Amino acid sequence: MGAGVGNSSFTTDTTHATHTTDSMTEITIYAAGEIHSNWRDELRTHLADLGVPARVVGPQEVHDRSDAVGEDILGPQPSDRYRDLMGAKVNTLRTRVLLQEADLVVACFGPKYKQWNTAMDAGFALAMDLPLILVRAPEHTHALKEIDALASFTAESLQQAAQAVAYIFE
């Protein structure tokens, strides 16, 4: 484990085409999950340590900005409900655009916070037929069994998720 990533080609036998990752120079990963902790930085570090050329995108990571963006653009709203709704609309715009640019999605269900947005983003990724890496602790196996059943890969740590992404480049 921990092997570096390099350009590689392999042939399983002479009747199959050669598989190569030489043309892939960077992978774009949409990191779906809560915005209260630094788990995305941890994922970025694991990917960099493995030599994976990755661009990690996702929701706005500054919580106050995420909450206020609707009013920042449209001005004051008549109630908290509309403030939240206008912010959600701009955040959804960002999510949809960035998901459409992504090569794959890492959906991280952490130990804290309500994870509704993570589940929504994972479902949207699956509906778009994007490969999904689910990251969840063993104690969440039952709660996430449907997403687990549809995910391309399920990991119990961000390091495992990074190793799965690194394998794409072997």
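The values are calculated or read from the model by the stated rules, or taken from the named source; none is laboratory data. Predicted model only: the values in this text are computed from it and were never measured. All Cβ positions, even for glycine, are placed from backbone atoms using ideal geometry, and neighbour counts span all protein chains on display. Just the protein is used for accessible areas: all its heavy atoms, side chains included, with ligands, DNA and RNA removed. Shrake-Rupley method; radii C 1.70, N 1.55, O 1.52, S 1.80 Å.
Looking at HIS142 and the list (1) outside any helix (DSSP H, G or I); (2) open to solvent by 60 Å² or more (accessible area, probe 1.4 Å); (3) within 26 Å of ASP64 (Cα to Cα), which single condition is not satisfied?
Result: HIS142 fails condition (3) only.
If SER23 satisfies all but one of (1) modelled with pLDDT under 95; (2) open to solvent by less than 60 Å² (accessible area, probe 1.4 Å); (3) small (Gly, Ala, Ser), what's the number of the condition it fails?
Answer for SER23: the failing condition is (2).
Going residue by residue through region 9-17, is there one that turns out to be touching a Pro at 6+ places or on another chain (Cβ under 8 Å) and either charged (D, E, K, R) or modelled with pLDDT under 95 (or both)?
no
So the check is Cβ under 8 Å with 6+ separation or different chains; which pairs have a first residue in region 111-126 that's touching a residue at least 12 places away in the same chain (Cβ under 8 Å) and of a type in the set (Val, Ile, Thr) and a second one that's crowded, with 17+ Cβ neighbours inside 10 Å and outside any helix (DSSP H, G or I)?
If the second residue must be crowded, with 17+ Cβ neighbours inside 10 Å and outside any helix (DSSP H, G or I), the pairs left are THR118/ALA32; THR118/GLY33; THR118/GLU34; THR118/ALA107; THR118/CYS108; THR118/PHE109.
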